[in-house]
Every structure is written in structure tokens, then in C-alpha cells.
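Each value in this text was obtained by applying a stated rule to the coordinates, not by laboratory testing. Quick caveat: nothing in here was measured; it's all calculated off a predicted structure. As a convention, Cβ positions derive from the backbone with ideal geometry for all residues, glycine included, and neighbour counts pool all protein chains shown.
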Amino acid sequence: MKVFVNGEGRELSGTPSLAELITQLELPAARIAVELNREVVRRDDWSSTMLNEDDRIEIVHFVGGGVDVYSNSSCVE
Amino acid sequence: MSTATARVSNEKLIIAGREFSSRLIIGTGKYRSYDQMRSAHEASGAEMVTVAVRRVPLDRSSESFLDYLSPSLQILPNTAGCYTAEDAVRTARLAREALQTDLVKLEVIGDQTTLFPDNEQTLEAARVLVKEGFVVLPYFSDDLIMAKKLLDAGCAAIMPLAAPIGSGLGVQNPANLRIMREQLPDATIIVDAGVGTASDAAIAMELGADGVLMNTAIAEAEDPGKMATAMKLAIEAGRLAYLAGRMPKRLYASASSPLQGVIK
């Protein structure tokens with residue numbers, strides 16, 4: 001099954017949940033936030049949210065910035 | 001302690017019921033190292049710092065940038081990098097989910113060269129976010145009418161620019177800030193962007209701003225720690241001068257010594 005994580009296509013085996021995807025990606029679960037098809041998925045719902053073909057997932061964290069330092073890299077697309 | 005000093009030391013910056021002793025809000029970008037950032041933060045006395053939201057890199061395990069911030073700091077996530085109201089709203093929602101804070105520095109950029117705000121998109125995003133319970137602090141052009149619209153939309157504070165982001169030019173239109181202060185006496189006005197050095201921050205405060213938000217002026221100084229201290233003092237000095245009420249400007253001299261009794 002193919003999904004898009006932060007704009008990148010990824011092949012996943014089976015039909016994992018969002019929580020399983022985050023574990024697979026070895027991301028620190030603290031202080032990140034996740035959007036599935038442009039809607040925020042609350043942390044408590046990660047394990048009950050099953051992924052589907054062509055889902056678009058955005059996973060964000062925080063970086064240094066003040067007033068627009070990183071103007072060329074929009075955070076979400 | 002003089003009356004004015006007493007008044008200043010008791011006076012807090014209040015944003016949506018939250019009290020801050022420091023009127024300086026600073027950024028977390030462009031520092032040469034995390035250690036340098038941390039010492040500058042400490043020297044500045046700021047109690048609130050702003051951070052940007054970005055995609056997590058998937059190719060490496062990234063440590064959390066937030067771990068480098070003192071836990072006592074209030075984190076103000078921003079929507080830097082967004083060019084539409086929709087992206088800014090999505091970014092704010094993600095930030096709230098990750099940080100469990102309803103504060104957001106709303107920034108919708110209209111143009112890459114100037115980084116001037118897209119005021120129309122900013123207002124649209126502000127309306128949506130206020131409805132969703134966010135405490136919205138919008139960056140916008142220093143325009144009174146826009147300021148009124150943002151306040152009407154329910155923004156907790158308004159953040160007019162002093163000059164283009166990262167330009168260090170200082171307050172380019174002092175008349176606009178003064179008019180905004182006079183016409184909106186109850187609004188919380190935080191000058192955001194364009195300050196270059198301590199005197200710029202003092203001028204913003206003397207014009208009646210309630211606070212100043214800056215990043216580059218401190219981060220790009222040769223010695224960010226020293227500049228952070230300078231900014232802290234400038235903001236206190238400017239606030240005190242504003243409260244003291246400056247003398248009127250005159251074109252001609254006005255002698256300070258008595259004119260009578262001069263020897264002839």
C-alpha cells in the first residue's frame with residue numbers, strides 16, 4: 001500500500017495504523033503533530049486510525065525560527 | 001524608588017489574561033549554536049519565545065529542538081512560512097496539538113522578497129482561529145484600519161511590523177505606530193520585526209508599544225548575549241520614557257537656566 005508522508009511516497013506492508021507508521025519511522029512521539037489528509041489526528045487517536053491507499057500524512061515538529069526565517073520551506077503542503 | 005519606577009516594576013504585559021514581566025519576546029532562529037541561543041535567551045529576560053513548525057525529517061532521527069529551550073519559557077508557535085490562510089490555520093492546529101497551547105503568532109506572508117504580510121489572508125485566518133479558541137497574535141502591516149479589523153476579529157494582541165523581517169532598519173513609520181497607540185488605547189500592541197539594535201527597540205516602546213518581538217537583531221549580533229542584555233534594557237528604558245511622558249519637541253532653544261540675574 002502506498003501512502004505519502006511529508007510529500008514522499010512510501011510503500012507500507014499491510015494496513016498499519018498511524019501509531020504503527022510513526023513507530024516504523026522511528027520518530028519521537030513527543031512534541032510532534034500529525035495530519036491525515038489535511039485534518040489533525042489527535043495523539044489519542046493514532047492507534048485507532050488505520051491508513052488507506054494514497055493517504056497523505058504530514059508529520060511536523062518544531063524548529064528554531066522567529067519571524068519568517070525559512071520562507072522557502074512552507075511547513076505544510 | 002521613584003513613582004515612575006515603581007509603576008514600571010509592577011506593570012505587566014498581559015496577553016489574554018496571561019501576565020509577563022518582560023515586554024520582550026524573542027525568536028529561536030539563526031543562532032550559531034543552541035548554547036548561544038540559550039545564553040541569549042537568559043540574558044534577554046524574555047519569558048516567551050517563538051518557534052516555527054516544520055516537517056519532521058524522515059531520513060534521520062532528530063532530537064527535539066524544544067529540549068534546548070528553558071522549560072520556564074512560554075512557547076509561542078508561529079505560522080512562519082505560510083502563504084495562505086488555509087496553510088496558516090493548518091499549521092496553528094498542528095502546533096496546538098503538539099504543544100497543548102492555544103497561543104499562536106499568526107504570520108501569513110504575501111511576498112518572498114519583502115516578507116511583507118498578506119493582510120487579507122491574515123485576517124481570514126485570524127477569524128477562523130479565534131472561532132476555534134486560539135489566542136491569536138497576528139503579524140501585519142503597520143496600518144490602523146487593519147489593526148482595528150484584527151481586533152474586531154478577536155485577536156488578543158496585534159503585532160505591526162517596524163520594518164521588513166530581518167532587515168534591522170528599525171521603526172520606519174513612527175507616525176503609524178503613534179496613531180495606532182492613540183487610536184487604540186486598550187489594544188495590546190507588540191512591534192514585530194525590523195528592529196536592528198537597542199535604540200530601535202527603545203523607540204518602539206517610547207511610541208507606546210506594549211512589547212517588542214525580535215529575532216535577527218539578537219541572533220545576528222556579533223555577541224548575541226550582549227545584544228540580548230542591551231535589548232532588555234532598551235525595552236525597559238523605552239517603556240519608562242513612554243510612561244514618563246516626553247517633553248514636547250521645539251524648533252528653537254529654550255534655556256534651562258534662569259534668564260534673570262546674569263552679570264552684566
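Set the bar at 25 Å for Cα to Cα. Now go through B:Lys30/B:Lys148; B:Lys12/B:Lys131; B:Lys12/B:Lys232 and name every pair that lies beyond it.
B:Lys30/B:Lys148; B:Lys12/B:Lys131, as the Cα separations exceed 25 Å there.
Suppose R0 equals 30 Å. What FRET efficiency, 1/(1 + (r/R0)^6) with r the Cβ-Cβ distance, do B:Glu132 and B:Ser199 give to the nearest 0.05? Don't skip to the answer; put the middle values down first.
Numbers: r = 39 Å, r/R0 = 1.31.
In this case the efficiency is close to 0.15.
Considering only DSSP beta bridges with both partners in the protein assembly as shown, what is the antiparallel share in %, to the nearest 5?
Details: 21 of 45 bridges.
That works out to approximately 45 percent antiparallel.
With n ≥ 4 as the cut-off for DSSP H runs, can you work out [θ] at 222 nm for chain B, using -39500 (n - 2.57) per run divided by the number of residues, rounded to the nearest 500? Could the numbers behind the result be given before it?
Details: 9 runs with 100 residues, N = 264.
About -11500 deg cm²/dmol.
Rounded to the nearest 0.05, what FRET efficiency do A:Arg38 and B:Ile14 give with R0 = 35 Å and r taken as the Cβ-Cβ distance? Could you check? Write down the numbers at each step before the final one.
Working: r = 35 Å, r/R0 = 0.99.
Efficiency computed from Cβ-Cβ geometry: 0.50.
Per residue of B:45-56, how many C-beta atoms from partner chains lie within 10 Å of its own C-beta, taken as a mean? Before the final figure, lay out the partial values.
Numbers: counts 0, 0, 0, 0, 2, 4, 6, 13, 8, 12, 14, 15.
So the per-residue partner count for this stretch is 6.
By how many degrees, between 0 and 90 and to the nearest 10, does the Cα long axis of helix B:119-131 differ from the longest principal axis of chain B?
It is inclined by approximately 70 degrees.
Rank the residues A:Glu11, B:Glu220 as a footprinting-exposure proxy: fewest other Cβ atoms within 10 Å of their Cβ go first. Could you put the intermediate results ahead of the total?
Details: A:Glu11 7, B:Glu220 15.
Ranking A:Glu11, B:Glu220 by Cβ neighbours within 10 Å, fewest first, gives A:Glu11, B:Glu220.
Please rank B:Val191, A:Val40, A:Val60, fewest neighbouring Cβ atoms within 10 Å first, as an exposure proxy.
On the way: B:Val191 29, A:Val40 19, A:Val60 24.
Neighbour counts put them in this order, fewest first: A:Val40, A:Val60, B:Val191.
When A:Met1, B:Met205 are ordered from fewest to most other Cβ atoms inside 10 Å of their Cβ, what list results? All intermediate terms of the calculation are to be shown ahead of the outcome.
Working: A:Met1 14, B:Met205 25.
Neighbour counts put them in this order, fewest first: A:Met1, B:Met205.
Set the Förster radius R0 to 41 Å, insert the Cβ-Cβ distance between B:Ser141 and A:Thr15 as r into 1/(1 + (r/R0)^6), and round the FRET efficiency to 0.05. Walk me through the numbers before you get to the answer.
Details: r = 49 Å, r/R0 = 1.18.
Calculated value: 0.25.
Under a Cβ-only charge scheme (Lys and Arg +1, Asp and Glu -1), can you give me the dipole magnitude of the protein assembly as shown about the Cα centre, in debye to the nearest 20? Provide the component values of the computation, followed by the final result.
Details: 34 positive and 45 negative charges, 332 e Å.
The dipole of the protein assembly as shown has a size of about 1600 debye.
With everything on Cα atoms, drop me the angle between helix B:85-99 and the longest principal axis of chain B, reported from 0 to 90° to the nearest 10.
Relative to chain B, helix B:85-99 is tipped by roughly 80 degrees.
Any chance you could give the angle, 0 to 90 degrees and rounded to 10, that helix B:174-183 forms with the longest Cα principal axis of chain B?
The helix B:174-183 is inclined about 90 degrees to chain B.
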